[in-house]
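Every number here is computed from the coordinates shown, using simple stated rules; none is lab data. Predicted model only: the values in this text are computed from it and were never measured. As a convention, Cβ positions derive from the backbone with ideal geometry for all residues, glycine included, and neighbour counts pool all protein chains shown.
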Amino acid sequence: MHCRFSAASYSSETVFDYDVKVDQITQIEAQMAATDFWDNQERAQETVGQLKAVKSVVVPMAEMIGSEEDLRALIEMAEEDPEIEADIDQEIGRLETTLEDLELKSLLNGPHDACGAILTIHARDGGTDANDWAEMLMRMYMQWAQKNDYSVVLFDRNDNDEAGINSASIAIRGPMAYGYLKGESGLHRLVRISPFNSEGKRQTSFAAVDVSPEISDAVEIEIDEKDVRQDTYRASGAGGQHVNKTDSAVRLTHIPTNIAVQCQSQRSQHKNRAQAWKMLRAQLARVEDEKREAEEASKYQNKARVGFGSQIRNYFMHPDQRVKDARTGYSMGDFHKVLDGEIQGFLDSYLNWHVKSET
């Protein structure tokens with residue numbers, strides 16, 4: 001009887017830094033027990049997020065360690081009662097699935113992988129279809145977040161007059177959100193019969209996705225305020241008529257890199273400015289991460305030329321329905337299932353592909 005779980009329980013505690021993570025949980029829970037812990041709501045939420053991220057590895061790891069003895073007992077019982085073998089196979093399958101999930105989490109070891117993710121989505125070529133496609137992508141990521149019990153916050157939304165959006169920025173907050181989503185940066189291509197074309201012609205449209213880590217204020221990112229241009233304007237789109245009466249929306253442009261961010265989710269210009277600075281720090285943190293790796297440096301240069309990188313995924317509604325990643329080759333035959341947030345397979349395949357491409 002082959003048991004990958006038994007063979008792979010090897011040095012699992014070392015592979016997943018089990019003891020270190022258990023100590024982290026103890027330290028974080030001690031912080032949370034302090035009487036003034038919730039005085040700073042933002043920092044408190046970051047700490048809670050850290051705890052969830054660490055527990056997402058420790059809890060299943062502890063369960064696997066505890067299950068090993070039970071499995072050995074079942075194997076011994078099977079020598080006398082062969083009918084128990086079916087139960088053993090089922091248990092081994094469950095534990096191997098858990099192990100595979102843990103092995104995938106072990107790939108999320110970047111400096112900001114445990115952070116939340118800030119996604120900025122822009123409509124590109126394709127006219128109104130591209131605007132509609134950009135909104136479809138935003139919904140796809142929000143659905144994925146909901147399925148994983150992550151929270152979503154809208155920072156900015158610029159609606160198109162006819163349909164869809166010109167651009168939008170959202171934050172997805174949950175354990176390893178950035179680690180999972182960082183590979184989504186790039187151009188997403190949709191091929192379908194256009195609902196905006198009376199002749200029913202096939203239309204190809206593009207939307208660009210950019211993903212940055214939502215980093216803590218405790219992380220130092222050097223930004224010279226003289227290098228940042230600030231513009232204010234009247235908020236538009238979702239947000240109500242009240243916010244449109246004042247120049248509450250804020251756009252920040254980092255002149256040396258030409259990175260621009262904007263926020264209009266709050267009625268207060270002061271709050272929008274504070275959030276825009278967070279978004280700018282996030283984008284610059286991602287750039288620094290890319291610069292630290294030689295292979296990623298060339299990728300960064302390409303992004304500077306084409307906006308948000310090269311085409312990474314194709315979505316087809318015509319002539320057949322399928323979605324295929326241009327980098328990993330991973331595909332799914334149910335377009336609507338993918339657009340309803342079933343994208344974990346694409347995220348997982350990218351993590352494995354990225355590790356192999358670096359070796």
### Query
By the gyration tensor of its Cα atoms, with a ≥ b ≥ c the square roots of the eigenvalues, what is the shape of region 53-116: rounded for a/c under 1.5, prolate for a/b over b/c, or oblate?
prolate
### Task
Set the Förster radius R0 to 25 Å, insert the Cβ-Cβ distance between Ile221 and Asp340 as r into 1/(1 + (r/R0)^6), and round the FRET efficiency to 0.05.
0.10
### Query
When the chain is fully extended, how far beyond the present Cα-Cα distance does Ala34 get from Gln230, taking 0.36 nm per residue of separation?
66.7 nm
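If each residue's Cβ is checked for other Cβ atoms within 10 Å, how do Ile92, Ile84, Ile165 rank with the fewest at the top?
Values: Ile92 20, Ile84 15, Ile165 25.
Ascending Cβ contact count within 10 Å gives the list Ile84, Ile92, Ile165.
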### Task
Would you mind ranking Val58, Val209, Val153 so that the residue whose beta carbon has the fewest other beta carbons within 10 Å leads the list?
Val153, Val58, Val209
### Message
I need the P(r) histogram for region 4-106: all alpha carbon pairs, bin width 10 Å from 0 out to the longest distance, whole percents.
### Response
13, 36, 24, 16, 8, 2, 0
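By counting other Cβ atoms within 10 Å of each Cβ, how are Tyr350, Tyr233 ranked from fewest to most? Mind showing how you got there, number by number?
Details: Tyr350 22, Tyr233 12.
So the residues, fewest neighbours to most, are Tyr233, Tyr350.
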